[in-house]
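Notes to accompany the following structure.
Laboratory data are not the source of any read-out in this text; all were calculated from the coordinates shown. Quick caveat: nothing in here was measured; it's all calculated off a predicted structure. A quick note on method: Cβ atoms are made from the backbone with ideal geometry, for glycine too, and the neighbour counts reach across all protein chains shown.
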Amino acid sequence: MAPSMAFSRCLTKQQLPLLFRSSKVSPSQSLAPPLHALFSTQIVGEKPILVRDFIHSALYDPRHGYFSQQSGAVGVLERSIKFNQLEGRKAYMKHLDDIYKQSDISWFTPVELFKPWYAHGIAEAIMRTTNLSVPLKIYEIGGGSGTCAKGILDYIKLNAPERVYNSMTY
């Protein structure tokens with residue numbers, strides 16, 4: 001069966017606009033991506049599969065998983081991006097492309113790309129929504145490099161009462 005036939009059988013004409021966010025797409029148009037772009041048969045085969053098993057395979061399978069390559073999974077930028085020196089989105093995207101080409105990293109987290117501002121935003125939200133009269137406890141889940149923790153701690157040290165920083169645990 002041709003991929004376009006299988007695709008049009010999977011989705012109705014009413015569902016296609018939802019998928020493509022356009023009301024001008026119909027099953028007969030060539031805008032539909034090939035079936036293998038939507039559902040990798042190399043991962044799931046012909047049998048039904050649980051979503052958790054699909055995600056695990058897509059990420060960790062030694063043959064085709066995202067993290068099966070030998071590159072480092074999450075990168076650390078040596079220095080912050082100087083956004084005030086970039087002239088718009090196109091310049092940012094080119095700069096980001098250059099960063100990825102120069103490294104052997106699968107991806108950089110938003111915390112890395114927008115450091116220290118991303119972590120400062122999180123810290124500001126913490127300070128606005130927490131009761132600062134009791135010792136602050138922050139739990140961070142993640143196997144990163146500590147960039148987020150450093151940014152949050154630096155912000156709280158500079159912007160919260162001294163007793164908050166001195167009594168908190170991270």
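Suppose R0 equals 35 Å; then what is the FRET efficiency for residue 61 and residue 129 from their Cβ-Cβ distance, rounded to the nearest 0.05? Could you put the intermediate results ahead of the total?
Details: r = 40 Å, r/R0 = 1.14.
The formula returns an efficiency of 0.30 here.
Determine, from the Cβ-Cβ distance of residue 102 and residue 165 and an R0 of 45 Å, the FRET efficiency 1/(1 + (r/R0)^6), rounded to the nearest 0.05. Provide the component values of the computation, followed by the final result.
Working: r = 36 Å, r/R0 = 0.80.
The computed FRET efficiency comes out at 0.80.
Among 82/157; 47/101; 90/115; 115/137, which pairs are too far apart, with a Cα-Cα distance over 31 Å?
Numbers: 82/157 23 Å; 47/101 38 Å; 90/115 20 Å; 115/137 22 Å.
Cα-Cα > 31 Å for 47/101; rest within.
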